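J.: Sharing a structure, written as structure tokens. Questions coming.
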Amino acid sequence: MRYSGFRLFKEALTGHKGWAGQWRDPEPQDAYDYLIIGGGGHGLATAYYLAKEFGGARIAVLEKGWIGGGNVGRNTTIIRSNYLLDGNEPFYEFSLKLWENLEQDLNYNAMVSQRGILNLIHTDAQRDAARRRGNAMILNGSDAELLDVAGVRAMYPFLNFDNARFPIKGGLLHRRGGTVRHDAVAWGYARGADRRGVDIIQNCEVTGFRIEGGKVLGVETSRGYIGAVKVGVSVAGSSGRVMAKAGMRLPIESHVLQAFVSEGLKPIIPGVITYGAGHFYCSQSDKGGLVFGGDIDGYNSYAQRGNLPVVEDVVESGMSLIPALGRARLLRSWGGIMDMSMDGSPLIDKTHIDGLYFNGGWCYGGFKATPAAGYCFAHLLKTDRPHETAKAYRLDRFMTGHMIDEKGQGAQPNLH
Amino acid sequence: MIINHPLLGPRDAQEFTYLGDANLINRPDWQSENALQEFHDYLHLRDNPVGLHRELWFHEQGDRSWLVVTRDTTTHEITDVKLARDVARANRASEVIR
Ligand SMILES: Cc1cc2nc3c(=O)[nH]c(=O)nc-3n(C[C@H](O)[C@H](O)[C@H](O)COP(=O)(O)OP(=O)(O)OC[C@H]3O[C@@H](n4cnc5c(N)ncnc54)[C@H](O)[C@@H]3O)c2cc1C
């Protein structure tokens, strides 16, 4: 069913009885051409673009719980294309372009909102770095503006400009960045994929791989064996444990990242503000809640909840930047498990096992990547060649020395 | 989280910094034939287990000792804490026997 203003009007007059389910609930078939493991944003986008851009095939997405129950539904919804390095910026710019056309493409309201992202600057060195980053962004077709203090003050007069330790000296503004309704991304891609014939199979956990002679034949699941020509793994924080079932060790550790939402307030923060010095970032949801977060908890964890010391740390940072935050009540906090890769950058690659492909290591930044990661993973699955913008995301880059250390902090998860 | 330091007793985990898998104690031999591959694996690849995990914590805000902590990655329950020095010595001793 296509959504439209006319349709909404008609349903409103007829008691909303005509809305059908957004995707089917099919039984798994014996075999598929492409099996995508993981019904998060990335897995669903992969299936969607495979079906749409790369021609008809038997495709299924296997999700152990319900689609959208993982990180795609737990993140702080920020999308942006303000990366510095050559291996990254073209990819994230490609992703942002896909976001800009997503709702028309999917016929789905994902509330893509380019409300602008402001990275605050607190030192002269940070200003130099911001200028360099802004130039790199512009060279790659993205947008960036350097603001002075007056420029920041005009946008956000309530920030703590006189912080003795981290005085605000300006900001790098990326106007095309913003936020997206995260659940709707999963639902929109699921509906789009389903309409192109993809089987979305929920409550179906992959428990093992059938591999013979270095080639994958299919997967064992909680709903029986399913054969496949090609298998793409896209399981976010579970990458380590799923790939271990194929006998692989990855350059990845699982860590927890927390997010927070305040009670609903009147609109005060139109865009997204990031405060690198204090490790804090904040935006306001359309319902009025302030959505914010900070650093990872910092040790291996598969517990989908956080710990109190980080709550204290994040809220402290937030208060030092936005003193008014202290008057708002914290409504809830939660955690998601992310695969922290060794250099902080993602992996989209073939494995050494024939027919087995991997997409993961997105750390805390994979939501913005969802459309491009899906597109590039689909491209790889279909053609066996990396997409132009994802050439750097190879599994062997730690061996060959081609790490993508975007944060410039070194090759270890506890540093970034 | 409370880490039961073998010398100092129970300490808040906030006093520590985390390094990662305790296997980092077992540095490969740089003269081995496979040194390149071994160092790649040692530096970058991880078992990343669900459940019990042996890991290195540094008592940065305390006595600056390194500890090997055995912790459950699903519950954060800590079942064993040893001085990393003792673990390394025991490892070396067992190598000599072998
Ligand atoms: C608190 C928080 C804030 C974040 N903020 C941002 C942000 O502002 N901007 C940004 O760009 N990124 C952000 N991220 C990161 C981003 O959410 C993730 O990198 C990204 O969503 C991961 O991809 P995904 O959506 O496909 O993962 P998921 O939605 O986690 O999908 C993986 C799916 O695989 C399934 N699965 C696992 N194992 C199996 C199995 N054995 N069989 C079948 N299915 C399985 C899981 O159930 C899950 O549904 C944040 C993350 C967190 C936790």
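J.: If a residue has to be open to solvent by less than 30 Å² (accessible area, probe 1.4 Å), under 19 Å from the mean Cα position of the chain (by Cα) and within 14 Å of chain B (Cβ to nearest Cβ) to count, how many in segment A:383-416 make the cut?
T.: Final tally of qualifying residues: 3.
J.: Can you tell me which residue is farthest from A:S234 (Cα to Cα) among those in segment A:29-48 that are in contact with a Gly (Cβ under 7 Å, 6 or more places away or on another chain) and surrounded by fewer than 24 Cβ atoms within 10 Å (Cβ to Cβ)?
T.: This residue is A:D30.
J.: Give segment A:278-316 a look and list any residue that's of a type in the set (A, V, I, L, M, F, W, C), open to solvent by less than 10 Å² (accessible area, probe 1.4 Å) and touching a residue at least 60 places away in the same chain (Cβ under 8 Å), or say none. Reasoning before the result, please.
T.: The initial filter retains those residues of segment A:278-316 that are of a type in the set (A, V, I, L, M, F, W, C), namely A:280, A:282, A:290-292, A:296, A:303, A:308, A:310-311, A:314-315.
Now narrow it down to the ones that are open to solvent by less than 10 Å² (accessible area, probe 1.4 Å): A:280, A:282, A:290, A:292, A:303, A:314.
Within segment A:278-316, just A:F292 meets the criteria.
J.: Please tell me if A:V231 is out of contact with any helix residue (DSSP H, G or I) (no Cβ under 8 Å at 6 or more places or on another chain), crowded, with 24+ Cβ neighbours inside 10 Å, of a type in the set (A, V, I, L, M) and within 14 Å of another protein chain (Cβ to nearest Cβ). Can you show your working first?
T.: Working: out of contact with any helix residue (DSSP H, G or I) (no Cβ under 8 Å at 6 or more places or on another chain): yes; crowded, with 24+ Cβ neighbours inside 10 Å: yes; of a type in the set (A, V, I, L, M): yes; within 14 Å of another protein chain (Cβ to nearest Cβ): no.
No: the conditions fail for A:V231.
J.: Let me ask another. Taking the conditions exactly as written (touching a residue at least 12 places away in the same chain (Cβ under 8 Å) and either within 12 Å of the ligand (Cβ to nearest atom) or surrounded by fewer than 16 Cβ atoms within 10 Å (Cβ to Cβ) (or both)), does A:K10 satisfy them or not? Break it down stepwise before answering.
T.: Numbers: touching a residue at least 12 places away in the same chain (Cβ under 8 Å): no; either within 12 Å of the ligand (Cβ to nearest atom) or surrounded by fewer than 16 Cβ atoms within 10 Å (Cβ to Cβ) (or both): yes.
No, not satisfied.
J.: Oh, and also: Out of all the residues in segment A:317-333, which are surrounded by 17 or more Cβ atoms within 10 Å (Cβ to Cβ) and either touching a Gly at 6+ places or on another chain (Cβ under 7 Å) or part of a helix (DSSP H, G or I) (or both)?
T.: A:S317, A:G318, A:S320, A:L321, A:L325, A:S333 - these are the residues of segment A:317-333 that are surrounded by 17 or more Cβ atoms within 10 Å (Cβ to Cβ) and either touching a Gly at 6+ places or on another chain (Cβ under 7 Å) or part of a helix (DSSP H, G or I) (or both).
J.: Another question, if that's okay. Just to confirm my filter: which strands (runs of 3 or more DSSP E) fall fully inside segment B:17-90 and include at least 1 residues that are closer than 25 Å to A:M399 by Cβ, modelled with pLDDT of 95 or more and under 9 Å from the mean Cα position of the chain (by Cα)? Lay out the reasoning, then the answer.
T.: Values: elements: B:17-21, B:52-58, B:66-72, B:78-83.
Those strands (runs of 3 or more DSSP E) span B:17-21, B:52-58.
J.: Next question. Counting just the residues of segment A:62-83 that are open to solvent by less than 30 Å² (accessible area, probe 1.4 Å) and more than 7 Å from the ligand (Cβ to nearest atom), which one comes out farthest from A:L290 (Cα to Cα)?
T.: Here the residue is A:Y83.
The values are calculated or read from the model by the stated rules, or taken from the named source; none is laboratory data. For clarity, every value in this text was computed on a predicted model and none was experimentally measured. Glycine also receives a Cβ, built like all others from the backbone with ideal geometry; neighbour counts cover every protein chain displayed. For the accessible areas, the whole protein counts, side chains as well, though only heavy atoms, and no ligand, DNA or RNA atoms are used. Shrake-Rupley method; radii C 1.70, N 1.55, O 1.52, S 1.80 Å.
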